[in-house]
Protein chains: 2
Amino acid sequence: MVMNSHVVDTSRSPCALLRPVAVNDVKLEDRFWAPRIEKLVANTLPTQYKLLEETDRINRFRWASGKLSSKPEKSIYIFDDTDAYKWVEACAFALAQAPNPEIEKLVDQVVAEIIAAQEEDGYLFTEYHGQKSRRWRNLTLDHELYSAGHLIQAAIALHRTTGKRALLDAAIKFANLISAVFGPDRLRGVPGHPEVEMALVELYRETGDIRYLETASFFLEERGKGLLKPIDQEVLRLYNFLGGAEYLIDSKPFRELDEIVGHAVRSLYLNCGATDIFIETGDKTIFEALMRLWNNFVNCKMYVTGAAGSRYISESFGENYELPNTKAYAETCAAIANVMWNWRMLLATGDAKFADIMELALYNAVLSGISLDGTRYFYVNPLADRGKTRRQPWFPCACCPPNIARLLASLPGYFYSVSEEGVWIHLYASSSQKISYEGKAVEIVQKTNYPWDGTVDVTLSMVEGIEFSLFLRIPGWCSRALAKFEDKEVNLKPGTYAEFRKKWGPGEKITLSFEMPVKLLVAHPHVTNDFHRVTIKRGPLVYCLEREDCPDADVWNLILRDENEFTTEYRKDLLGGVVVLKNKALVVDENAWKERLYQESEETVLKEKKVEATGIPYYVWANRTPGSMIVWIPYIKNRPKL
Amino acid sequence: MVMNSHVVDTSRSPCALLRPVAVNDVKLEDRFWAPRIEKLVANTLPTQYKLLEETDRINRFRWASGKLSSKPEKSIYIFDDTDAYKWVEACAFALAQAPNPEIEKLVDQVVAEIIAAQEEDGYLFTEYHGQKSRRWRNLTLDHELYSAGHLIQAAIALHRTTGKRALLDAAIKFANLISAVFGPDRLRGVPGHPEVEMALVELYRETGDIRYLETASFFLEERGKGLLKPIDQEVLRLYNFLGGAEYLIDSKPFRELDEIVGHAVRSLYLNCGATDIFIETGDKTIFEALMRLWNNFVNCKMYVTGAAGSRYISESFGENYELPNTKAYAETCAAIANVMWNWRMLLATGDAKFADIMELALYNAVLSGISLDGTRYFYVNPLADRGKTRRQPWFPCACCPPNIARLLASLPGYFYSVSEEGVWIHLYASSSQKISYEGKAVEIVQKTNYPWDGTVDVTLSMVEGIEFSLFLRIPGWCSRALAKFEDKEVNLKPGTYAEFRKKWGPGEKITLSFEMPVKLLVAHPHVTNDFHRVTIKRGPLVYCLEREDCPDADVWNLILRDENEFTTEYRKDLLGGVVVLKNKALVVDENAWKERLYQESEETVLKEKKVEATGIPYYVWANRTPGSMIVWIPYIKNRPKL
């Protein structure tokens, strides 16, 4: 029984402009997303379950509940419980899309193991099972609250999508304990890894119990007071090594932050929680801080793919414009967090700029994180590689695989919203849905070949005519957008929502045309790695060059020139069906560089022979024979003399 | 009483082509190095002594010898003894250059504290003083052998330069203990941080005791067998985090290494030790491995400044061509290690390519590590900066300051060598020296304004005529080299030693002219950060642009064009006297980038106004008001169309 499979339920939130449309109300029928979700159900969720078992993630719960006598050895991180939680959440949203008895049975089994591991007072964190004295002692590194957050999110998703509430009851019990332990007159502390904040707000939305919102707000308010500075000398050393208070976003109060810093996932999850708190409380000083962080992120620290995090060892943001390509961090989880944050900012405001970033991260930085067959994953997503970085079936720290699973499973929930004024379309894909607006059913059908083509037919049908606005997102990436509607052509402004208001009847159609030329993007000159390089982009997709498409040269040796146009070609048999982009390229003569690292500038030589440079979407790289890959491609543009 | 102040005493080494000329035999009288060594004695050594006291480095010894009852708290690293050892070594070489009663008195005091801390059986490592059970237990991280290496080097230097042997006796006692503990039929282990290998070989040279050479060889042979993999789980986690066996250069036997990997200082110190072992044993398989490592380093992993180490957190080498500029590691100690290694390779072979790299690292990567007044230091040496990286008076991990002190103090010892065939000049600076060749005195006087000017007058005088070859290094960086000798002009080949053989009498003069045009270097195209950028170089000096010389624009916004020539100007009042290089530059219009990180390539705008770009030598950057600095400068070169 599907009840309400909202991802973020702003149905009753006082400061959200947009109300959710449930995952189960949207039916993707396109050639881009629908096959991915099929693979998610057929391959990703079953293989992840197997890996959760093989790597002792489920056994941790069995051990805690006494079914196993010794602590399982293959799971080594204290936050490993969360892999199971995220997998349950992914299954829940998958079940919202379509019934699946096998998956449902697996979920029931795993949920039973989780619940059995809960302690009497509600505590549920297998690492410290039965060791009350260790609880809440090392919030800097211990991830108890982080784990609670994922438990709560999984429980809410399962309840919303299946109506089953055993896990929700367990989550509530744990949340009650947390709310009882932490507070202004109780234990003062903040989670070393944010996550529980957004989960607690969602639990407040689910249950109406204001304590969870208060606890989430408490964690936000206490942050930045240095509470995370460890006393233990060994932990302190690690804390300092990673970047201290700034790494944990604890160097100043949230409202005073003006630069996005620290561990990228921590930072973006914290922003998700803060946005959720704003949505429920309307505290504008929180929103102002969020906007400063968003501007700094988007204008100074975000990869062109929407990825986040520049420092591969500390997994953190770097300085402004510090965006290395080969040694990018760009963790899949951070890209997912970027989608989650921008989704919340969009719900709060209805501002298209948030939808633009959400779409960018989704199609590029997130999607690169999973293989075409749905069984291998990237943890880091470099933007240039020599063919060494390959997707793996699992990781010792396996946060990314189930995280991308839960995002993809819930994806239909990101396509539409409703507001007082009407219905909003954020993302484009062939799909059909029945959306409830003011209690009345609005049927919407999209027909499109997006993202390969910028034409979208949107058809609305309803039994009785109702007046409302249809808000259509005009992507910020498009050069020119047109709508054909009631025999008129209207020019639309990219980077906005176009509003069509009327009393809609049955069978109304709007045809959108987003011009989708190949664009060459350049980066701010202080992104020193990208100087005199371009990224090829078409529509929402960032392209790259990969060795396999270029038999004549290592793609790191190619140079694009400014005078040539790209040609586009849809190749349905290639990499699940992609539009490739082709151009001629110059080639650096590597022989001129044999056993040389530096030489005088006159000695650089280009080969006489030109080759074809074939761009493929970045998200499909590393699905074939390993070879060099590059997003920022050397580019020569003739310039006036001095 | 100065006895023989050799840095590396190859006087009796069977497989060294070159024999040393002692530090005290060379008198630098130039405007480049001599003032630096004056400041070393006047500022660096006394301030370092104060800091050694203030930061409890000396107190560690006092505590170990029972003079202090509790362990000093301000010194936190277990290898902190070595800061005192390196300072003693620096003082010893300074005393070889000129007597200095104050420094000598300080050294005597510090040496007394060190010796008093030695345990009865010779063990000397304050961290484990009196805790026999902790000795040699965690070679991976514990630095006992590293510390022994620096003790031995300091002791040898002090003995060679002052004749005082108390510290040498202490070092011998410790070396005897090490040789008794480690061996094929005894404890099998290798130092986590190489250093003791070259020290033991030098002790063998100093004492003739073959055991030390055997122990050094044993350490080299045992390396690469995985002995450094820790058993303790916590240590294992750190080991894996840093890069495991490869980080410690323990992933394969030394003779099988074909790529320079791991922690840069560890790696280069190991190569120093291996070269020393080759010099004493003639084992060609070691030399072959060294050449593979050298070629890989110089052709794929060395910064244009001669700096080493690409990864700022693990302090290690990266992949081939991985050479980030802002987040470079490029530790001062690694550059010093580069000088030390190439010096040994040069002693072994007499091949000028090693002298070229030694000179490059010395003038650029090493010298950047110390401020003009000799009291502040860089640990990392970035090649591009926003003005945030500043030299510091000291560091919690203070390896670099006394390391650069000992190198500068011993610098005269790197200028000349002697071989069976004659006398070698490696470095150029106004100086006068009396060198012993086959028991006869050869007086050499250099007059030059090197490195600002490529003219060098070399005058030889000796009482009785003797026949030998004079080998003059023709730097690899020069475009054209001439010698005027006996009224003839001879063309010389850059990157070689030019040999002049005759029976030399009194007052013979050779005038060398090294053409020293401004050169623009480009980097291998796979150094992605440096694409379409140039480094300005003149003679041995790498140049940079710094904000203070460019009032009209942030130097990160400048772009050089290919059509303009640089002008040179010697400015004696600037930064201790430097030649500046000037050119016109285009300027990126930052307004076109306001609140933008990426935009379409057509939208990049250059300001109409051109500005003057003034290059200063890289080694003097960050000696004025903090501001942006850049070595690899954007460069536009028009190219033929496709």
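Points to keep in mind about this one:
- Residue within the stretch B:535-552 that is of a type in the set (Ser, Thr, Tyr), facing another protein chain (nearest Cβ under 8 Å) and crowded, with 20+ Cβ neighbours inside 10 Å present: yes
- Residue match in the stretch B:230-238 (condition: in contact with a Phe, Trp or Tyr (Cβ under 9 Å, 6 or more places away or on another chain), at pLDDT below 95 and farther than 26 Å from residue B:336 by Cβ): yes
- Filter result (buried (at least 21 other Cβ atoms within 10 Å of the Cβ) and assigned to a strand (DSSP E or B)) within the stretch A:553-563: A:558, A:559, A:560
- Which numbered condition residue B:605 fails, given (1) within 14 Å of chain A (Cβ to nearest Cβ); (2) modelled with pLDDT of 90 or more; (3) touching a helix residue (DSSP H, G or I) at 6+ places or on another chain (Cβ under 6 Å): (2)
- Every residue from the stretch A:442-481 that is acidic (Asp, Glu) and within 25 Å of the chain's Cα centre (by Cα): A:453
- All told, residue A:224 falls short of being small (Gly, Ala, Ser) and either closer than 18 Å to residue A:144 by Cβ or out of contact with any helix residue (DSSP H, G or I) (no Cβ under 7 Å at 6 or more places or on another chain) (or both).
- Search result, residues across the stretch B:142-169 that are surrounded by fewer than 24 Cβ atoms within 10 Å (Cβ to Cβ), touching a Lys or Arg at 6+ places or on another chain (Cβ under 9 Å) and either of a type in the set (Asp, Glu) or free of Cβ contacts under 8 Å to residues at least 24 places away in the same chain (or both): B:142
- Residues of the stretch A:274-305 that are crowded, with 21+ Cβ neighbours inside 10 Å and either at pLDDT below 95 or within 11 Å of another protein chain (Cβ to nearest Cβ) (or both): A:297, A:298, A:300, A:301, A:302, A:303, A:304, A:305.
- Looking only at the stretch B:307-357, and only at residues there that are in contact with a Lys or Arg (Cβ under 7 Å, 6 or more places away or on another chain) and away from every other protein chain (no Cβ under 14 Å), the one that is farthest from residue B:261 (Cα to Cα): B:352
- Tally, over the stretch B:499-512, of residues that are more than 32 Å from the chain's Cα centre (by Cα) and crowded, with 17+ Cβ neighbours inside 10 Å: 2
- Meets criteria (polar (S, T, N, Q), within 12 Å of chain B (Cβ to nearest Cβ) and buried (at least 17 other Cβ atoms within 10 Å of the Cβ)) for residue A:638: no
- Among the residues making up the stretch A:195-243, those that are basic (Lys, Arg) and either crowded, with 24+ Cβ neighbours inside 10 Å or free of Cβ contacts under 8 Å to residues at least 12 places away in the same chain (or both) are A:223, A:237.
- Condition check for residue A:505: on the phi > 0 side of the Ramachandran plot and away from chain B (no Cβ under 14 Å): no
- Residues in the stretch A:576-595 that are in contact with a helix residue (DSSP H, G or I) (Cβ under 7 Å, 6 or more places away or on another chain) and either more than 17 Å from residue A:453 (Cα to Cα) or at the interface with chain B (Cβ under 9 Å from one of its Cβ atoms) (or both): A:587, A:588, A:590, A:592, A:595.
- Residue match in the stretch A:513-527 (condition: more than 14 Å from chain B (Cβ to nearest Cβ), surrounded by fewer than 22 Cβ atoms within 10 Å (Cβ to Cβ), in a strand (DSSP E or B) and touching a strand residue (DSSP E or B) at 6+ places or on another chain (Cβ under 9 Å)): yes
- Top-ranked residue in the stretch A:36-52 [being touching a helix residue (DSSP H, G or I) at 6+ places or on another chain (Cβ under 7 Å) and hydrophobic (A, V, I, L, M, F, W, C); ranked as farthest from residue A:409 (Cα to Cα)]: A:52
- Of all residues in the stretch B:28-39, none are closer than 19 Å to residue B:154 by Cα, surrounded by fewer than 16 Cβ atoms within 10 Å (Cβ to Cβ) and free of Cβ contacts under 8 Å to residues at least 40 places away in the same chain.
- Inclusion of residue A:139 among residues that are assigned to a helix (DSSP H, G or I) and touching a residue at least 60 places away in the same chain (Cβ under 8 Å) is not warranted.
- The stretch B:555-565, subset over 30 Å from residue B:374 (Cβ atoms) and either touching a residue at least 60 places away in the same chain (Cβ under 8 Å) or out of contact with any helix residue (DSSP H, G or I) (no Cβ under 7 Å at 6 or more places or on another chain) (or both), residue farthest from the other protein chains (Cβ to nearest Cβ): B:565
- Odd one out for residue A:496, checked against (1) of a type in the set (Val, Ile, Thr); (2) away from chain B (no Cβ under 14 Å); (3) under 28 Å from the mean Cα position of the chain (by Cα); (4) farther than 23 Å from residue A:355 by Cα: (4)
- Restricting attention to the stretch A:566-584 and to residues that are closer than 20 Å to residue A:536 by Cα and free of Cβ contacts under 8 Å to residues at least 40 places away in the same chain, the residue that is nearest to the chain's Cα centre (by Cα) turns out to be A:580.
The values are calculated or read from the model by the stated rules, or taken from the named source; none is laboratory data. Note that the structure is predicted; figures quoted are calculated from it, not measured. Every residue, glycine among them, receives a Cβ derived from its backbone with ideal geometry; neighbour counts consider all protein chains shown.
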